[in-house]
Every structure is written in C-alpha cells, then in structure tokens.
Amino acid sequence: MADWNQQIIDEFRANDGTVETMGFGRSLVLLHHIGARSGQDRVAPVASLKEGDDVWLIAASKGGAPEHPAWFHNLVAHPEATIEDPDEGAVGVRAEVLEGEGRDRAWRRFEGWSEGFASYQRKTDRVIPVVALRRVG
C-alpha cells in the first residue's frame, strides 16, 4: 500500500494536483499528519469533498477494511494537520471527527459522489468515520 500511496503522491505533485490513476482527477488532497505513536510526519492521499471555502470532508473508509486507516488514528491523537489542495496549495487545518446527523449527512455526500463509498460500507461492520478538516489561520 505504501508504494501505491507514493505513486499517487508523486503523480499529484507532478501534475499540479491532478491524478489520472483510477480517475481521481482533482478530488484528492495530500494529508500531512503526525504518527500517533511514532511522532513522525506522514503523508496520505485521501479523497475529499469541499464544504464551503474552509472545510474539506474526508472519509476513513480504507476500502471497507475492518479497521480504520492509520491516518484516522493519527488525526484523533494530533488534530492539527496540513493538506496539499490541488487548487490552494498548502493549507493548515484542524481535524474534527463528525458525529450523529452531521456524520450521516456528510457520509451521504460521499455515497452520492461515488458508488465506491457505499460498497465500502457494505463490506464492513464498522461505521466509517467522516472527518471535517477546518482551515486554521
């Protein structure tokens, strides 16, 4: 998975935020986060949906795996992060795990955007978290 992620990161950066692999286009952000246990800087490409000018929604789907992705645990431990947005470049953000109706509403947006997200939920017994990345500064 690390090699695939690096390939996507490299393509994102080489093409000013456009990723043709798997038809991502300009729908990804690169999430810079800090390891919950290691304290090391990490980067993960994640699909995002904009909600206004200052909020990006990301879903901790991990393709429907039974566990959350590592980046989710890292954001819970260290909610201050940075994203590389295809249109805005580097943006400082603070992560907030959405709960209740807010989470459900955001999740429906992901399902409406791509059938893949609905299929991920069908694959797993866990409720897939949605995180709002809110611009800081």
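The values are calculated or read from the model by the stated rules, or taken from the named source; none is laboratory data. Remember, it's a predicted structure, so these values are computed and weren't measured experimentally. Neighbour counts are summed over all protein chains in view; Cβ atoms, including those assigned to glycine, are modelled from backbone coordinates with ideal geometry.
From the residues in the stretch 34-58 that are closer than 26 Å to SER119 by Cβ and not aliphatic (A, V, I, L, M), which one is surrounded by the fewest Cβ atoms within 10 Å (Cβ to Cβ)? The qualifying residue surrounded by the fewest Cβ atoms within 10 Å (Cβ to Cβ) is LYS50.
Contact map, the stretch 69-81: first residue surrounded by fewer than 17 Cβ atoms within 10 Å (Cβ to Cβ), second residue among the acidic types (Asp, Glu) and at pLDDT below 95, Cβ cut-off under 7 Å, separation 6 or more or different chains; the map is empty.
Screening GLN7 with (1) of a type outside the set (Val, Ile, Thr); (2) part of a strand (DSSP E or B); (3) surrounded by fewer than 16 Cβ atoms within 10 Å (Cβ to Cβ) gives one miss only, at (2).
All told, SER61 meets the bar of being crowded, with 17+ Cβ neighbours inside 10 Å and either among the small types (Gly, Ala, Ser) or over 15 Å from the mean Cα position of the chain (by Cα) (or both). Between residues in the stretch 120-137 that are on the phi < 0 side of the Ramachandran plot and hydrophobic (A, V, I, L, M, F, W, C) and residues that are part of a strand (DSSP E or B) and surrounded by fewer than 17 Cβ atoms within 10 Å (Cβ to Cβ), which pairs lie under 7 Å by C-beta distance while being six or more apart or on different chains? Qualifying pairs under 7 Å: VAL131/GLU96; VAL131/VAL97; ALA132/VAL55; ALA132/GLU96; LEU133/VAL55; VAL136/GLY92; VAL136/ARG94.
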